[in-house]
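First comes the structure, then the notes that go with it.
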Amino acid sequence: AGGSDGGAADASSAAMRAAVLGGGVALASALTLWSTASSEAPPPAAPAAAAAAPDDDGKKKKNKWGGEDGNRGLQKRRPLLLFSGNANVELSKEISRELGVNLGNITVSRFADGEVNVMVHENVRGKDVYIIQPTSPPVNEHLMELLLMISTMRRASARRITAVIPYYGYARQDRKMTARVPISAADVARLLEALGVDRVIAVDLHCGQIQGFFGPRVPVDNLDAGMVGVDYFGDKGLYRPVVVSPDAGGVYRAKKFRDGLTMAYKEDADLAMIIKQRKGAGTISSMDLVGSVDDSDIIIVDDMIDTAGTLCTAADELRNHGARRVFAFASHGLFSGPASSRIAKSCLEEVVVVNTVPLDSAARVNSKIKQLSVAPLLAEAIRRVHTKKSVSALFPSGNK
């Protein structure tokens, strides 16, 4: 019985080995046939989008800085998301149109007690996020919105967070003028950095050294809105133009504006400066002019206009020294308090600002105030940062 059982087991094992070997041969044959068919199959056709893509024959639409208009190439590297706070929604919409990228879905509202409520309604994990939010008046409200938006994106695992701050609030408090006062510009930088911002894009910081208030891990691009003003005034046909700085600290800014006019429009512009003595914040005790403005068209160039008291006084001083017409250009038009009425009654021909800060109702109806758009400049900066291209073309001196 034992021998017969062993023989049966051997026969069964042999049958199983034959079946496995037979299956292996069949499988090998199938793989050989599949490999032969794959090698003989024609290569797949090129995607239609690639076939239709324009070649480098000059047909691509270029902007004034040499970049491509629209969102071409923006989403090729990694996803990009644009978000806006409540400070300047119109500027954010303009930037999104320039880039060809829709604004992200976000709610920035208030609780019943006035606290800021931020809620992002789409996935930002692993994506590059750009938050457009000037800290314009009311400064504290808009600054808190910006801080909480950065915190929300960081906690939601965004890959990189870039704060686009067209107007940097608290920038005028950039040093200790007396004892026992804060350096608020540095404190705001520390807040932004502590909450996780990776990069800052600003427009005409009140003082260029504010870039140094951020650590080396947070690069700051300080864009020059003077380029927008140069384009505007270069077409006005000014007579013997003179660019005037309203104070000693703004001479470098006025010189860049003068150089831009000379290079772009071959205007032989001169440079002058006003030395002012202050009694206190917003109060001027005396003004002295350095340079000649006689029988010339004047452009007063500054970074911001707040109450416009200094600006209107400077315009009167320049007219007293023989100026023909007096214009003003500033990057940030705050127009606080009586600013609009002062400008309307002044000898100024025109006050030109860019839209880093939205105009209030009084400034919008003032015929002497004109607002230009800085959206193309900011959009090109975002495009170049996102595609890892040089931003140097956005600076007249090419020093970035």
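The residues of region 161-250 expose on average 42 square angstrom of accessible surface per residue, using a 1.4 Å probe on protein heavy atoms.
For region 258-377, the antiparallel share of DSSP beta bridges with both residues in that region comes to about 35%.
Spin-label model, Tyr232/Lys176: points 7 Å from Cα along the beta carbon direction are separated by 3.9 nm. When the C-alpha to C-alpha distance is required to be over 29 Å, the pairs from Lys93/Lys176; Lys256/Lys276; Lys276/Lys368; Lys127/Lys176 that qualify are Lys93/Lys176; Lys127/Lys176. Here the accessible area is traced with a 1.4 Å probe on the protein chains. For region 303-343, carbon and sulfur cover 42 percent of it.
In this rough spin-label picture, where each label sits 7 Å from Cα along the Cβ direction, the Lys345-Gln209 distance is 3.8 nm. Per residue, the average separation of C-alpha pairs within less than 8 Å and at least 6 apart gives region 251-400 a relative contact order of 16 percent. Computed from the alpha carbon atoms alone, the convex hull of region 187-285 holds 130 Å³ per residue. Straight-line cross-link partners of Lys236 among the aspartates and glutamates, defined as a Cα under 12 Å from its Cα and at least 8 positions apart when in the same chain: Glu267, Asp297, Glu350. Just the protein heavy atoms count here, and of the accessible area of region 99-243 at 1.4 Å, carbon and sulfur take up 50 percent.
The values are calculated or read from the model by the stated rules, or taken from the named source; none is laboratory data. All values derive from a computational prediction rather than experimental measurement. Virtual Cβ from ideal backbone geometry, glycine too; neighbours counted across all protein chains shown. To get the accessible areas, we keep the full protein, side chains included, count just its heavy atoms, and leave off ligands, DNA and RNA. Shrake-Rupley method; radii C 1.70, N 1.55, O 1.52, S 1.80 Å.
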